[in-house]
Amino acid sequence: MSNVKVCVRFRPLSSRERRICGDDICFDRLDEESFVFKDEKGEDTTFCFDRVFYQDAKQRDLYEFLAMSIVQDTVNGINGTIITYGQTGAGKTYSLEGPGILEFDECRKGLLPRVIDGLFECLKSSTDMSAHTIKISMVEIYMERVRDLLDVSKDNLQIREGKGQGIYLSGATEVSISDLTEAIALINRGIANKAVGSTQMNVTSSRSHCLYTLSVQYESAVDGKVKSGKLMLVDLAGSEKVEKTGAEGKVLEEAKTINKSLSALGNVINALTTGKRSHIPYRSSKLTRILEDSLGGNSRTALLCCCSPSSSNTLESMSTLRFGTRAKLIKPQRQEEIFEEVSNGISQEEDLVDADLSTAQGTIPQLEIQQVILDPVSLHQTFKELRNEMIRMNEALRGILQTQRRTLETGRTTLQWLQGINSAAFIVCIFVILNMAKVFLLH
Ligand SMILES: Nc1ncnc2c1ncn2[C@@H]1O[C@H](COP(=O)(O)OP(=O)(O)O)[C@@H](O)[C@H]1O
Ligand SMILES: [Mg+2]
């Protein structure tokens, strides 16, 4: 089972492509998961993905298939990542933001506003929480530096790894948002700070990888514990060949850096799929380091491979499709670690429960562990729920013990009180007998 949900999207032909190649398109649609691709030599290759979104696909379909379950999981504390990949002009930003981030048209708005809306909806409809916050941060990786798009004075953020926190960007500005309108205004401000350049593929093509992070935190109404989840949306810079963009000077340097980090991403994916996992080169670029948790199996990850449908772009589309095929082969890397961490947690809880059980001489209902679920993230979630269940039982047992202890104390106090009464009654009796003896002797 793949760790990454991989989808392909072919956007409609652009007017430029129609001018160059007419209505010629590079694939034949088979069904909603597969198509036959015609390469530049006219040879056919059949590709198969989790879902293929053709030119007529709706933005809403994309959200429902690719992002909706990730949004729900984020609210349940499982981190998620959505990545768009493809050559410049293939539709990455359109898929994420829509024709513009300020686009409020229900049909055309992109994944990002839908995801934010979805998070608010999930939090609102949950009866299990007492308070919640959603924070947003926005950074770009430009020329191997991580720049804060919400505070441009922070132009070289450091990547760190924290225990229980995973990989994070130290000092990145995080702004709390209370609704979608507020979030869009903020994102619009951040987008204005992005590094863009003009190439022959796209008038304002992004020269950087742009990363949006939505952090959700809420307090559980059941146990008062604070839970959190993180959802990252990544709009990668274009993956096209340098020659095609007509790049020179600074733009050429940018293109080289972009290609270097995208090949680092390809190398990480290759290493994750070849079975030799002793060394995965996550540290070979900022992008791969930031995506380490997403690719390594600690997150729900979806990859959208965006392609032009035109025969004039077959080389780039083929390379994007190969990248997607490779990514589909990624197997969860940290399965064993997840098992270890979860079973350690469970054994500690078991010890506690055992100790309380022997004191209380109570019984504990047998937990039924269901069929092994092979998906490690679900497995992790199942184990987490089991552990929480054990913690709840442990607390219930503690409550019973305390009640018993209190009953015992009350019994002891009553006994002492009765003993007191007993002694007093005994003294009174002796006194009465002595008095009676005195009276009898006197007579
Ligand atoms: N699915 C689509 N439907 C309509 N227009 C699209 C679609 N995808 C992309 N476009 C248009 O194609 C152009 C390039 O898309 P863009 O998302 O900016 O590419 P990228 O981010 O991959 O460089 C834009 O003008 C965009 O509006
Ligand atoms: Mg773009």
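Summary table below
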quantity	calculated
Most to least accessible of C307, C429 (protein chains only, probe 1.4 Å)	C429, C307
Positive-end extreme of charge dipole, the stretch 5-331 - chosen from G86, S261, C210 (charges on Cβ)	S261
Rounded Å value of the spacing that divides the Cα centres of the stretch 387-441 and the stretch 290-305	65
Fraction of accessible area attributable to carbon and sulfur, the stretch 5-331 (%, probe 1.4 Å)	49
The stretch 5-331, accessible area per residue, ligands and nucleic acids excluded (1.4 Å, Å²)	43
Beta bridges per DSSP with both ends in the stretch 5-331, % antiparallel, nearest 5	70
Inter-label distance for E43 and T127, nm, one decimal - labels placed 7 Å from Cα along Cα-to-Cβ	6.0
C-alpha center-to-center spacing [the stretch 130-199, the stretch 1-71] in angstrom	30
Rg followed by Dmax, in Å, when the stretch 5-331 is reduced to its Cα trace	19.3, 63
Sequence-distant lysines (8 or more away, or on other chains) whose Cα lies within less than 29 Å of K250	K92, K154, K194, K241, K260, K286
Label-point separation, Q165 to R60 (7 Å along Cα→Cβ), nm	4.1
Rounded accessible area of T46 (nearest 10 Å², 1.4 Å probe)	90
Inter-site label distance for N76 and S220 at 7 Å from Cα along Cβ, in nm	1.3
Total charge dipole magnitude, the stretch 5-331, about the Cα centre, Cβ charges on Lys, Arg, Asp, Glu only, Debye to nearest 20	940
Relative contact order, percent, the stretch 5-331 [alpha-carbon distance under 8 Å, six or more residues apart]	28
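The values are calculated or read from the model by the stated rules, or taken from the named source; none is laboratory data. All figures in this text were calculated on a predicted structure; none of them were measured in a lab. Note that each Cβ is placed from the backbone with ideal geometry, even for glycine, and that neighbours are counted across all protein chains shown. We work out accessible area using only protein heavy atoms, side chains counted, and drop any ligands, DNA or RNA first. Shrake-Rupley method; radii C 1.70, N 1.55, O 1.52, S 1.80 Å.
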